[in-house]
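Everything below concerns the one structure shown next.
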Amino acid sequence: MAANNSGSEPRIPEDVTLEDEAEAEAKGKAPAASSSATTTMNRSGSRPQLDLSGAAIHGTLEDRNPTILLPNQSDDISHLALDIGGSLIKLVYFSRHADQPTEDKRKLSTKRRLEIFTGARRSYPVLGGRLHFVKFETGKLNECLDFISSKQLHRGGVDSPSWRSGAQPDNIVIKATGGGAFKYADLFKERLGVSLEKEDEMDCLVAGANFLLKAIRHEAFTHMDGQKEYVQIDQNDLFPYLLVNVGSGVSIIKVDGHGKFQRVSGTNVGGGTYWGLGRLMTECKSFDELLELSQRGDNSTIDMLVGDIYGGLDYSKIGLSASTIASSFGKTISDNKELSDYRPEDISLSLLRMISYNIGQISYLNALRYGLKRIFFGGFFIRGHAYTMDTISFAVHFWSKGEAKAMFLRHEGFLGALGAFMSYEKHGLDDLSAHHLVERFPMGAPYVGGKIHGPPLGDLNEKISWMEKFVQKGTQITAPVPMGAPATTGMGGFERPTSKGDILRSDASAALNVGVLHLVPSLDVFPLLEDPKTYEPNTIDLDHDEFKYWFTILSDHLPDLVEKAVASEGGTDDAKRRGDAFAHAFSAHLARLTEEPAAYGKFGLANLLELREECLREFQFFDAYVSIKQRENEASLAVLPDLLMELDSMDEEDRLLALIEGVLAANIFDWGSKACVDLYNQGTIIEIYRMSRKKMQRPWRIDDFDTFKSRMLKKDQPYKSALISVDNAGADVVLGMLPLAREFLRRGVEVVLVANSLPALNDITANELPEIVAEAAKHCGILRKAAEAGGLIVDAMAGIQGDTKDEPASVPLMVVENGCGSPCIDFRQVSSELAAAAKDADLLILEGMGRSLHTNLNARFKCDALKLAMVKNQRLAEKLFNGNIYDCICKFEPVS
Ligand SMILES: CC(C)(COP(=O)(O)O)[C@@H](O)C(=O)NCCC(=O)O
Ligand SMILES: [Mn+2]
C-alpha cells in the first residue's frame with residue numbers, strides 16, 4: 001500500500017463503512033423500513049434487551065403491521081461478530097440506517113391507495129442497514145481492537161445512547177468463532193470489556209455459506225482457464241451441496257439444509273501443508289509471497305510427467321497426455337541435485353499443483369459418493385488466487401469428466417464470521433432475499449482490494465485528504481499490477497489448465513472486492529417480470545472491448561460532470577476539493593475494473609452508471625444537475641399550454657402519433673450524452689426541441705407505432721392502468737411524457753408515473769414530480785382532476801384557473817418512486833411502492849436510453865410493454881440496431 005499516515009502504518013479507507021453515509025442517506029436516500037423492532041422479539045441472553053420505554057406506533061392504526069418506533073432503544077447492539085483465525089481476523093458488523101424523515105402527505109396518500117404495508121407478515125422484520133466486512137492480520141490484533149473501539153462496535157456503534165452517555169453496559173457478549181476466540185478471549189475482556197461467546201466453527205461456515213448462497217445473487221462463480229463466470233444459484237435448488245473448506249487442513253462437509261450438515265471427509269493435506277513445506281523449501285516469509293512466487297514457476301523441472309516416462313509421448317490409451325503429472329516431485333528422485341539447485345518458483349508451483357489437485361480430486365470423490373454435482377470451495381487457501389482456483393476446477397472437471405462443477409465464493413474469507421453473525425438470536429437477517437441486498441463499493445474498494453484494513457477514516461474531510469494523498473503519489477495504485485509471464489506453469493498437471501498468463505495476477509490484485517451490503521427491506525422484485533429467474537437487466541455484456549469503450553466515454557465525461565457537481569454545491573473551495581476527490585475516486589474504480597472486470601462481481605453498464613452516481617453521493621453531491629433541471633422545467637412549462645392546445649386540436653389518430661413523436665423528440669435532453677451536450681451549446685432548449693421534432697421521420701429504427709395505435713384505439717378493450725416510467729427533467733417529462741400521460745387519463749386509464757428515488761444525471765425524481773404536475777395542472781383540467789384524485793395535489797391549489805366543480809370524477813394520476821438512483825433500472829430490485837402499483841397495471845411504458853435500451857430492451861413482461869427512446873450514442877445505435885445516432889425506438893410488445 002502506498003498511502004502513509006504521518007509515516008506510521010498504512011491507513012486505509014475503510015472500504016466498507018463510512019460514517020457520513022448515514023448522513024448522506026438522511027438527506028436523500030430511498031426510504032427503507034424505518035424500525036425493525038416488534039414487541040414479540042425474543043432475544044438471547046447474550047444480547048441486550050429491548051428498551052421499550054416511549055414506544056410508539058409509527059404510521060396509521062389501520063396498517064396491519066405498523067412499524068413500532070423505540071426511541072430509547074439503541075442501534076442494535078452486538079451486531080458484530082468475529083472469526084479469529086491463525087492469520088486473519090475477519091469482522092462482520094451491521095450498522096443501522098439513520099431514522100427516516102417523516103413521510104409527506106402526498107406519499108402517504110399514494111401509499112394508502114396502493115395498500116403498501118412495509119415489513120408485513122414477518123415475525124422478525126428485516127432490518128434496514130448495512131453489513132460491513134473487514135479483515136485484519138491476527139498479528140496486528142491491536143489494530144483490530146482499536147478499530148472496534150473507535151467505532152464502538154461492541155457497544156452498538158457511535159450513535160448508540162450508551163456511547164453518547166458514556167455508560168458502560170454490563171456484560172456485553174460478542175459472538176466469535178475460530179481458534180482465536182479461545183486464545184484471545186482474555187484480551188478482548190481486558191481491552192474492550194466484552195466477553196467472546198464461542199460459536200462452533202463448522203456451524204458458522206455452513207451458516208455463512210447458506211446465507212451467501214441464498215441472499216447474494218452473484219456470489220458463486222466458476223473459474224476455468226482464467227475465466228471467471230458468475231453462476232446464478234436457484235434458491236429452491238440449493239441443497240444438497242458439498243462445502244470444502246480449505247484452511248490449514250481441509251474439511252469436506254455435505255450440506256443438506258439450514259443447520260443440517262455432516263462433515264463427511266477431510267484431508268490433512270491443505271493450506272498449512274503448502275505453506276509449511278514451502279517455508280521449509282524456499283526462503284519465503286509469508287504465504288502470499290510463496291503464492292506469488294508460484295506464478296513465475298515451471299513445475300516440469302520438479303514433477304515427473306507422463307512424457308518423462310514415455311519418452312515424450314502421450315499415454316493415450318488411458319487418456320493421459322505427455323504433460324500430465326505422473327508423480328508430483330517425482331523428477332527430483334532421479335536428478336542428482338540438492339534442494340538449492342531447484343528454483344524456489346518451481347518448487348512453489350509444484351507444491352501448489354500437488355495440493356490443489358489432491359484437494360480437487362478428494363472433493364470430487366466425495367461428491368461422487370453422495371451424488372452431488374456442486375462443490376463450493378472456500379477457506380484461506382483459496383483467497384481469490386486465479387491459479388489455485390483453476391487447478392482445483394481442472395481436477396474436478398477432469399475426474400468427473402465434466403459432470404461436477406467446482407465453484408468459489410466472493411465472500412469466501414468471511415464464511416465463519418458471517419455464520420457467527422447469523423448465530424445471534426433472530427434479527428431478521430435470515431429472512432433476507434437477494435432483492436433486499438444492494439452491494440456498493442465505496443471509494444476505498446479499488447485500493448484495498450482484498451487486503452487487510454487499517455483504522456477507519458472518520459469523516460468526509462479525512463476521506464478527501466486520503467484521496468489527495470494518493471493523487472500526490474501519482475497513479476501507482478491504480479496502475480495494473482504486473483503479471484506473471486504467460487504460461488507460467490511450464491507444464492500441465494493431469495492436463496495443463498490453460499490459465500492465461502495475462503489473467504493470472506498476484507494474490508493481492510486478484511483478490512475479489514467485497515463491498516458493503518446494503519440491506520433495503522423496502523425493495524421488491526417487480527411483479528410484472530415475465531420470469532425473474534432468467535431476467536437480465538443489461539442488454540450488452542461488458543466484455544473487454546465494450547468496457548474499454550465505456551471507460552473512455554465515462555472518463556471523457558468526468559470534467560464536465562465535476563464542473564456541474566461543483567457548481568451545484570455553490571462552487572466553493574470545499575466543493576472543488578470534493579469534486580476532485582470524486583473524480584479520482586471514480587477514476588480509480590474504472591482503473592480497477594479495467595484491470596479486473598469481475599472484481600466487483602457481475603458488473604454491467606447499468607452498474608457502472610450507478611457506481612458513478614454513488615460516487616457523487618459519497619462525496620456529498622446530492623444533485624449535480626439541480627439548476628439545469630430547474631431551468632429546463634421552467635422553460636418547458638412555459639410552452640406546455642400551447643402544446644396542449646395544439647394537441648387538442650388534432651383528431652385521435654394524429655394526436656397519438658404527435659404524442660409519441662413528442663416523447664421521442666424530447667428524449668434528446670440528456671445531459672449524460674456527449675453528443676447531446678454538444679448540441680445544447682447551439683441553441684435554446686425550445687429551439688432544440690423544435691428541431692428534434694422536425695426530424696422525426698418515420699419509419700423509426702424500430703417502429704411498432706401502428707400496432708400500438710391499433711391497440712390503443714380498441715374500444716372494447718381499453719387499458720385500465722398504465723405504469724409510465726419517466727426519464728429526464730425539462731422537455732422530456734414536461735413536453736413528452738406528461739402529455740402522453742394526459743392522453744391515457746382522458747381515456748379513463750389510471751396512470752402511475754414512475755420516477756427515480758434519487759437523482760441521476762438530469763433525471764427527474766419522484767420528489768420533484770408532484771410539483772411539476774401541479775404546475776402543469778394549472779393549465780389543464782384533465783391533469784388537475786386526475787392529480788387531485790391521485791392525492792398528488794393535496795393543498796388547496798392556490799392559483800388554479802377554472803372551476804372543476806361540475807367535471808366528472810377522474811381516474812387518478814399518481815407518482816411512485818422506483819427505488820433507484822441510477823439512469824437505468826434493474827427490475828429485480830424496485831421499491832415496494834412500485835411493486836404494489838404494478839399489480840393492477842396492464843401497460844408498462846419505459847422511456848429513455850438508460851431504462852429501455854441499456855437495460856430492459858430484451859426484458860419480457862407479463863403486461864403489454866412500450867419501450868420508447870432516442871439513441872444518443874453512435875456506437876450503441878450501430879451495435880443494437882445497425883443504425884445511427886438520433887435514431888428513435890418505439891418497441892411495442894403486447895402480451896398476446
Ligand atoms: C446515461 C444515459 C443512458 C442517459 O440517457 P437517458 O436514459 O436519459 O435517455 C445516456 O446519456 C448515455 O448512455 N450516455 C453515455 C453515452 C454518450 O455519451 O454517448
Ligand atoms: Mn435520463
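The values are calculated or read from the model by the stated rules, or taken from the named source; none is laboratory data. For clarity, every value in this text was computed on a predicted model and none was experimentally measured. Glycine also receives a Cβ, built like all others from the backbone with ideal geometry; neighbour counts cover every protein chain displayed.
Against the condition within 16 Å of ligand 1 (Cβ to nearest atom) and either outside the structural domain of L761 (by TED's automatic domain parsing) or buried (at least 24 other Cβ atoms within 10 Å of the Cβ) (or both), how does N856 come out, does it pass? In short, yes. Taking the condition away from ligand 2 (no atom under 14 Å from the Cβ) and not in a loop (DSSP other than H, G, I, E, B), does R875 pass? Considered against the rule, which asks whether it is away from ligand 2 (no atom under 14 Å from the Cβ) and not in a loop (DSSP other than H, G, I, E, B), R875 comes out as yes. With respect to (1) free of Cβ contacts under 8 Å to residues at least 60 places away in the same chain; (2) within 16 Å of ligand 2 (Cβ to nearest atom); (3) surrounded by fewer than 18 Cβ atoms within 10 Å (Cβ to Cβ), the lone exception for K674 is condition (1). L679 meets each of the listed conditions (1) within 16 Å of ligand 1 (Cβ to nearest atom); (2) in contact (Cβ under 8 Å) with a residue 40 or more places away in the chain; (3) in a helix (DSSP H, G or I); (4) closer than 29 Å to N882 by Cα apart from (2). Applying the set (1) under 30 Å from R711 (Cβ atoms); (2) within 16 Å of ligand 2 (Cβ to nearest atom) to R612 leaves exactly one unmet item: (1). Looking only at residues that are β-branched (V, I, T) and in a helix (DSSP H, G or I) in region 714-736, which one is farthest from ligand 1 (Cβ to nearest atom)? Among those residues, the one meeting the criterion is V734. Consider L866 carefully, then state whether it is within 16 Å of ligand 1 (Cβ to nearest atom) and surrounded by fewer than 24 Cβ atoms within 10 Å (Cβ to Cβ). Here the answer is no, as L866 does not meet what is asked.
For region 827-837, filtered to residues that are surrounded by fewer than 24 Cβ atoms within 10 Å (Cβ to Cβ) and assigned to a loop (DSSP other than H, G, I, E, B), the residue that is farthest from ligand 2 (Cβ to nearest atom) is R828. Hey, among R711, R701, which residue is in contact with a Phe, Trp or Tyr (Cβ under 8 Å, 6 or more places away or on another chain) and more than 16 Å from ligand 1 (Cβ to nearest atom)? One residue alone meets the criteria, R711. Considering only region 605-617, I want to know if a residue exists there that is among the polar types (S, T, N, Q) and surrounded by fewer than 18 Cβ atoms within 10 Å (Cβ to Cβ). No: zero hits. Whether a residue is among the acidic types (D, E), modelled with pLDDT under 95 and away from ligand 1 (no atom under 16 Å from the Cβ) was assessed, and E687 passes this test. So which residues in region 745-784 are part of a helix (DSSP H, G or I), touching a residue at least 40 places away in the same chain (Cβ under 8 Å) and more than 16 Å from ligand 1 (Cβ to nearest atom)? Result: L745, P770, I772, V773, E775, A776, I782, L783. Within the option set L656, L609, being within 16 Å of ligand 1 (Cβ to nearest atom), in a helix (DSSP H, G or I) and in contact with a helix residue (DSSP H, G or I) (Cβ under 9 Å, 6 or more places away or on another chain) holds for one residue only, L609.
Of the numbered criteria (1) away from ligand 2 (no atom under 16 Å from the Cβ); (2) outside any helix (DSSP H, G or I); (3) among the aliphatic types (A, V, I, L, M), the one M691 fails is (2). Put simply, of R784, R701, R746 the only residue that is touching a helix residue (DSSP H, G or I) at 6+ places or on another chain (Cβ under 6 Å), closer than 21 Å to A638 by Cβ and assigned by TED's automatic domain parsing to the domain that holds E661 is R784. Against the test of being farther than 27 Å from L519 by Cα, more than 16 Å from ligand 2 (Cβ to nearest atom) and assigned to a helix (DSSP H, G or I), the options L880, L844, L853 yield a single qualifying residue, L880.
Can we say N210 is at pLDDT below 90, of a type in the set (S, T, N, Q) and on the phi < 0 side of the Ramachandran plot?
no
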